[in-house]
Amino acid sequence: MKHTRSQCACCKQVFAGTKAFDAHRVGPYTRKQRKRRCLTCKEMRLRGMTQNEQGWWLLPAHQPNTADAPDRTDRSLTA
């Protein structure tokens, strides 16, 4: 899978795409408070983010929940 490289000017970490980049920024968007910050590497790992071979941060892979899983008793899926 090809990713677009996004590097943060604040923390210098590299992300595989804008969604991963956006996920590493937390806090309010208000200009007066200036409390928006980057997650630490530890915080990103705790949120399930990983790094690829190039060291770029990736979002966690989709983990299907029970709503995504087919009902094993539904015979139409096996017919």
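The values are calculated or read from the model by the stated rules, or taken from the named source; none is laboratory data. Because the structure is a prediction, the values reported are computed rather than measured. Here the Cβ positions follow ideal geometry from the backbone for every residue, glycine too, while neighbour counts run over all protein chains shown.
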Q: Name the single residue, out of those in the range 43-72 being part of a loop (DSSP other than H, G, I, E, B) and of a type in the set (S, T, N, Q), that is modelled with the lowest pLDDT.
A: T66
Q) Can you name the residue in the range 1-42 that is under 10 Å from the mean Cα position of the chain (by Cα) and assigned to a strand (DSSP E or B) and, of all such residues, is farthest from A61 (Cα to Cα)? A) F15
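For the range 4-21: of the residues being charged (D, E, K, R) and more than 12 Å from M49 (Cβ to Cβ), which is surrounded by the fewest Cβ atoms within 10 Å (Cβ to Cβ)? Let's see the steps before the verdict.
Here is the first cut: in the range 4-21, the ones charged (D, E, K, R) are 5, 12, 19.
Next, from what is left, pick out any that are more than 12 Å from M49 (Cβ to Cβ): 5, 12.
Details: R5: 11, K12: 8.
Checking each candidate, the answer is K12.
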**Q.** Answer residue from the range 27-61, given it is loosely packed, with under 13 Cβ neighbours inside 10 Å and aliphatic (A, V, I, L, M) and is nearest to A9 (Cα to Cα) among those
**A.** L46
